[in-house]
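**Student:** Below is the structure I would like to discuss, written out as structure tokens.
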Amino acid sequence: MKAVVVDSYDKIENVSIRDVAKPELSAGMVRIRIQAASVGFVDGLKVRGLYQTKDPLPFTPGTEFAGIVDAAAADVKGFVPGTPVIGMARSGGLAEYICVPTEGIFVRPNNIEPEVGASFFANYLTALYSLSARGKLRAGETLLVLGAAGGVGIAAVQIGKLLGARVIAAASTEAKRQFATKFGADAVVDYTLEGWRDELKTLTGGHGADVIYDPVGGDLSLQAFRSIAWNGRHLVIGFASGTIPALPFNLPLLKGGALLGIDLAQIGRREPDVRDQVIAQLFTLLSEKKLVPVVGKVFAFQDFREAFKAMTTRSALGKMVVRID
Ligand SMILES: NC(=O)c1ccc[n+]([C@@H]2O[C@H](COP(=O)([O-])OP(=O)(O)OC[C@H]3O[C@@H](n4cnc5c(N)ncnc54)[C@H](OP(=O)(O)O)[C@@H]3O)[C@@H](O)[C@H]2O)c1
């Protein structure tokens, strides 16, 4: 089978597709013929060996995918060949086949296309879990989304609207702000401008943001926290800017605000019931078509490098997807 293979942590230009052995099934595993896989910010870091955990070399990148069950081990129930699925794995998505344990896959509703399935799971689960289970975002509250046109950002814009919030999208370019508006943002701010916090103050009538969704980090996080509403919740999602900020403890005191960390990788192990509830809620929203996930751009398999380049050049709108079959 064909797979993207990373032989050494390197820039994406030096990574290629090659023929490798089709993965063998073992107990508890399902083999999936992949139709589409997505590329997120983390995938870009992993290829270059810059992520907090390193995949042992050689490895195939790709943590999210959609496909069709090709074969299942004798002890597996519920995933017969031909079943459409959505899946997550530590790596291996950018290949024609992958073997994964059943915990990492979910039956894909019939009306969900592979491109949508591949781009949906991590971003929307992160958004719904953090805004609802952790941030306790309530209808009528104001949600400020930083990096609002990125993969996790645009998911938060849509989920925030579904939860009844007023959503203010912050992004660096006009095209990104228009993208956020198209997917539901009520107002936008350009957070590259000096006075963006004044603009936010005006937009919220001096109240500030009740919930801040922050996948960006750096100095921007501190600026945003200074604009949090009393009893506000600042959700730490990631550090796309490349800088982990340090918050002076007097700020939460003075603002009556809370800093809440989110790690999707741990919720299945630490809060399995909450995760399952959130996943069930997401699938309901999907099948009722209340949620139509954003697929940013779809690339052919041989053009997979372009998907990575979009992530590393800050130019992606939504999630990048690679079509495999
Ligand atoms: N906590 C979790 O469980 C969880 C789950 C998923 C993702 N994440 C994290 O969330 C972050 C965003 O992931 P993503 O897939 O949404 O990435 P993305 O699509 O590239 O979006 C990131 C956004 O950050 C902004 N940004 C600011 N400075 C940047 C820089 N120097 N380089 C790139 N982007 C920059 C960009 O918006 P502007 O140009 O508008 O500033 C960009 O749209 C990553 O750190 C990822 O690890 C965390």
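The values are calculated or read from the model by the stated rules, or taken from the named source; none is laboratory data. Nothing here was measured: the structure is a model prediction, and the numbers come from that model. Every residue, glycine as well, gets a Cβ built from its backbone with ideal geometry; the counts of neighbours run over all protein chains shown. Note: areas computed on protein heavy atoms with side chains; ligands, DNA, RNA excluded. Shrake-Rupley method; radii C 1.70, N 1.55, O 1.52, S 1.80 Å.
**Student:** Indicate the gyration tensor shape class of segment 211-325 (rounded, prolate or oblate), computed on the Cα atoms with a ≥ b ≥ c the square roots of the eigenvalues: a/c under 1.5 is rounded; otherwise a/b larger than b/c is prolate and the rest oblate.
**Tutor:** Details: a/c = 2.37, a/b = 1.42, b/c = 1.67.
Oblate, since a/c reaches 1.5 and b/c is not below a/b.
**Student:** Related question: For ASP273, tell me the accessible area in Å² from a 1.4 Å probe, rounded to the nearest 10.
**Tutor:** Approximately 120 Å² of ASP273 is accessible to the 1.4 Å probe.
**Student:** Based on Cα positions only, what radius of gyration and what Dmax would you give for segment 122-265, in angstroms?
**Tutor:** In order Rg, Dmax, the Cα atoms of segment 122-265 give 13.3, 38 Å.
**Student:** While we're on this one: Pick out which of ILE86, ILE237, ILE267 has the largest mean-square fluctuation in a Gaussian network model of the chain, springs linking Cα atoms closer than 10 Å.
**Tutor:** ILE267
**Student:** Let me ask something else. Build a GNM of the chain with springs between Cα atoms under 10 Å: which of ALA280, ALA156, ALA169 gets the top mean-square fluctuation?
**Tutor:** ALA280
**Student:** Hey, another quick one. LYS201 versus GLU113, label points 7 Å from Cα toward the beta carbon: distance in nm?
**Tutor:** 4.5
**Student:** Would you mind finding the longest exposed-site-free stretch of the chain, with exposed GluC sites (Glu not before Pro) meaning DSSP loop and at most 13 other Cβ atoms within 10 Å?
**Tutor:** Values: sites that count: GLU24, GLU194, GLU288.
It runs 25-193.
**Student:** Is segment 226-287 best put as rounded, prolate or oblate by its Cα gyration tensor, with a ≥ b ≥ c the root eigenvalues, rounded for a/c under 1.5, and otherwise prolate when a/b is larger than b/c, oblate when not?
**Tutor:** Working: a/c = 2.41, a/b = 1.91, b/c = 1.27.
Here segment 226-287 falls in the prolate category.
**Student:** If you don't mind, there's one more thing I want to ask. Of the listed pairs LYS2/LYS297; LYS11/LYS297; LYS136/LYS201; LYS136/LYS290; LYS161/LYS290, which have alpha-carbon separations greater than 18 Å here? It would help to have the intermediate numbers written out before the result.
**Tutor:** Working: LYS2/LYS297 22 Å; LYS11/LYS297 21 Å; LYS136/LYS201 22 Å; LYS136/LYS290 20 Å; LYS161/LYS290 11 Å.
Result: LYS2/LYS297; LYS11/LYS297; LYS136/LYS201; LYS136/LYS290 exceed 18 Å.
**Student:** Only helices at least 24 Å long along their own axis, judged from Cα atoms, and with Kyte-Doolittle mean hydropathy of 0.0 or greater: name those in the chain from DSSP H.
**Tutor:** Working: long enough: none.
The qualifying helices: there are none.
**Student:** How many nm is it between the label spots at THR173 and SER287, if each spot is 7 Å from the Cα in line with the beta carbon?
**Tutor:** About 3.9 nm separates the two model spin labels.
**Student:** Taking the alpha-carbon set of the chain, what are its Rg and Dmax in Å?
**Tutor:** Spelled out, the Cα radius of gyration and Dmax of the chain are 19.8, 62 Å.
**Student:** Pull out the extension gain between ASP303 and TRP230, defined as 0.36 nm times the separation in residues minus the alpha carbon to alpha carbon distance; nm, one decimal. List each step's numbers first, then the result.
**Tutor:** Details: separation 73, 0.36 × 73 = 26.28 nm, distance 4.75 nm.
Value of the extension gain: 21.5 nm.
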